[in-house]
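Remarks on the structure that follows.
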Amino acid sequence: MVSFAAIVALLVCLITLMSCGGIAGNAGNSTANSTNISADNSATAKTNVEELGMLVNVPYESDEVFWKEYPKSKKLVAVLRFPPSEAGRLVADAEKIKQPERVNINPQSWFPPELVAQSDMSGEDTLAGQSYAANRFYQDPYTDGRITRIENTDYFVLELSEK
């Protein structure tokens, strides 16, 4: 009988240890998932135009680019600064598709400092601009959206989403 009780006690201990090991393994996965989530919500933006070009069409040469992809909401937002000649070409091409409309954009913390400062100075914490058709930027899966030229700048805010 003693040996049977010892075997049962040993089995109970082993089962308990194995179940604790499973919890620790899941806790590690939970930590990995929360790291990925916080990386998605980080305040930093990507600045590589070639990497952006893998997700959307970038038909105009930009001087500067900041962008973030939001996979959960199936959205991409980019801030691009174009030289005056490219900005003029972009506006002319977009106006052929649809007439612009006046809009206000809420700046994100990762926007270039000049745009954040401009929104602060407006007193409304928004950026005013003219919104244009973004068709030239569409590339699957991002096939809906707009591009907005921010007033008094060469910055454009591209907002694309999955249709």
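Just so you know, all these numbers are worked out from the coordinates, no wet-lab data involved. All values derive from a computational prediction rather than experimental measurement. Virtual Cβ from ideal backbone geometry, glycine too; neighbours counted across all protein chains shown.
Rounded to two decimals, the Cα-based Rg/Rh of the stretch 49-162, with Kirkwood Rh, is 0.93. Basic side chains Lys and Arg get +1 at the Cβ, acidic Asp and Glu get -1 at the Cβ, and with that the dipole of the stretch 67-163 about its Cα centre reaches some 340 debye. Taken one residue at a time, the phi angles of the stretch 152-163 give Karplus couplings (6.51, -1.76, 1.60, θ = phi - 60°) of 6, 9, 9, 8, 10, 10, 9, 10, 10, 9, 6, 6 Hz. Gly and Pro are set to x.
Distance between the 7 Å Cα→Cβ label points at residue 61 and residue 44: 2.9 nm. A Förster distance of 30 Å, applied to the separation of the beta-carbon atoms of residue 128 and residue 96, puts the FRET efficiency at 0.80. With 24 Å as the limit on Cα-Cα distance, the pairs of 72/163; 68/96; 96/163; 46/96; 74/96 that go past it are 68/96; 46/96; 74/96.
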